[in-house]
Every structure is written in structure tokens, then in C-alpha cells.
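The values are calculated or read from the model by the stated rules, or taken from the named source; none is laboratory data. Bear in mind that the values here come from a model prediction, so they are computed numbers and not experimental data. Backbone-built Cβ (ideal geometry, glycine too); neighbour counts: all protein chains shown.
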Amino acid sequence: MEKGFYISSGIPEMTHKVDFIEHQNFLAGFFGDKRPLVAPEVTNLYANFQRNALGIATIRAFCQSATSKEVYKHFVRGEEIGRKHCEVLASHLKEHNLQVPLSWDTHVIESSANVFSDKLMMFAIVTLTNFSMTFYGLGLATSSKKDLGIMYNRFLAEIQLYSEDGGNILIENAWLESPPKV
């Protein structure tokens, strides 16, 4: 961190004074005065950016090993979604003069070796996408600003469709086992 290779999310200064919300505009985010972000909002914006950056790097690596055109196209679409989400998350951080984390996709080494099967890579990406829905849901639940709520809802809708398309690829290729039934 001292050399600037790793960027901290910015730890808020702890105070011993308790502030109480006095106006309904605390919940605003579209019109009127925009309030500063609160710590949970910053934490979720930063962490979701980092998770997307890691997802982009993972998908970029998987694109090099994909043998199926359908799987490859799905990965490219996932990378595009991840980049778009990173741009939106970064814009919220920049708007409040906060540093944006670095991307990790520059660390992906060029390779043409088929290290993993399409089945394994698809399962990993669908699983990671489903985890993303959980983290976006957490961001939604802990953000009282309307603009952040709408952003997370939009993200959720987009990756839910992406995850469903990934699940369909798994089913069409007979790669998805049925979970135990009760």
C-alpha cells in the first residue's frame, strides 16, 4: 500500500460523536442536495468493484481455454457486463472523490492450453454470478440512497438473465446435475 500498488477502500475516521438523521432527504439520491456516502455504501461499492474486476480476469482467462463457441460467447458477454458494472461502480466512487481499485485483468497471462473443461469453467462462472447476486442484494439492502438502490436492482436484473443463460448452456450440454430433493 505504501508504494501505491494496492489501493485501500478508505477507512473512515472513527469519531466518538453520534449523529442522528434529521431530514428525509437522507434517503434521496436523485434530486436536491446529494448527501455523502456512508461507510456501508462505500464498502459495498468498493467490494463489488473488486469482485467484478476479479470476475473479469477469471473470464478473460477462461476465454483462452473455451473450446465451444457458445461457451466462449457467454464468457465474452460476461466480461462486457462486468466491465460495464465496474464503470458504474467507479463513477459512484469518483463522484465522491474516492479512489477506484485497480483492475486485475492485466495479470492474465496469454495461453492457448486447455487447462479446464468447458463444463468446469461454465459451472464456475454460473456459481460466481450467483454469488454476485448475493453481494448486489447486500449492497441494495445496506444502501439508503435511491440512486444506489436503482443501480443494484438494474445490476441484479442483468446478471440474473446472464446466470439463467449460463444455466441453460449447462442443461443443454447435460453438464448440470440435479440437486438432492427432499
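Here are some notes:
- Restricting region 151-182 to residues that are closer than 27 Å to Ala90 by Cα and touching a residue at least 60 places away in the same chain (Cβ under 8 Å) leaves a set whose member that is surrounded by the fewest Cβ atoms within 10 Å (Cβ to Cβ) is Glu158.
- When every residue of region 24-40 is checked against the conditions, at least one turns out to be modelled with pLDDT of 90 or more, on the phi < 0 side of the Ramachandran plot, within 23 Å of the chain's Cα centre (by Cα) and surrounded by fewer than 19 Cβ atoms within 10 Å (Cβ to Cβ).
- Yes/no for Ser143 being in contact with an Asp or Glu (Cβ under 7 Å, 6 or more places away or on another chain) and surrounded by 20 or more Cβ atoms within 10 Å (Cβ to Cβ): yes
- Sole residue being surrounded by 14 or more Cβ atoms within 10 Å (Cβ to Cβ), part of a helix (DSSP H, G or I), touching a Gly at 6+ places or on another chain (Cβ under 8 Å) and among the hydrophobic types (A, V, I, L, M, F, W, C), chosen from Leu98, Leu89, Leu148: Leu148
- Close pairs (7 angstrom Cβ cut-off, 6 or more residues apart or separate chains): within 16 Å of Gly82 (Cα to Cα) in region 130-147, among the β-branched types (Val, Ile, Thr) anywhere: Ser132/Ile159; Met133/Ile159
- Test set (1) exposed (fewer than 12 other Cβ atoms within 10 Å of the Cβ); (2) touching a helix residue (DSSP H, G or I) at 6+ places or on another chain (Cβ under 6 Å); (3) modelled with pLDDT of 90 or more - Ser111 fails condition number: (3)
- Filter result for Glu80 (at pLDDT 85 or above, over 27 Å from Asn153 (Cα atoms) and acidic (Asp, Glu)): no
- Remark: pairs (first residue in region 76-104, touching a residue at least 12 places away in the same chain (Cβ under 8 Å); second residue surrounded by 15 or more Cβ atoms within 10 Å (Cβ to Cβ) and in a loop (DSSP other than H, G, I, E, B); Cβ separation under 6 Å; 6+ apart in sequence or on different chains) = Ala90/Val100; Leu93/Val100; His96/Leu37; Leu98/Gly10.
- Options Ala174, Ala157, Ala90: the member that is within 21 Å of Ala57 (Cα to Cα), small (Gly, Ala, Ser) and modelled with pLDDT of 95 or more: Ala90
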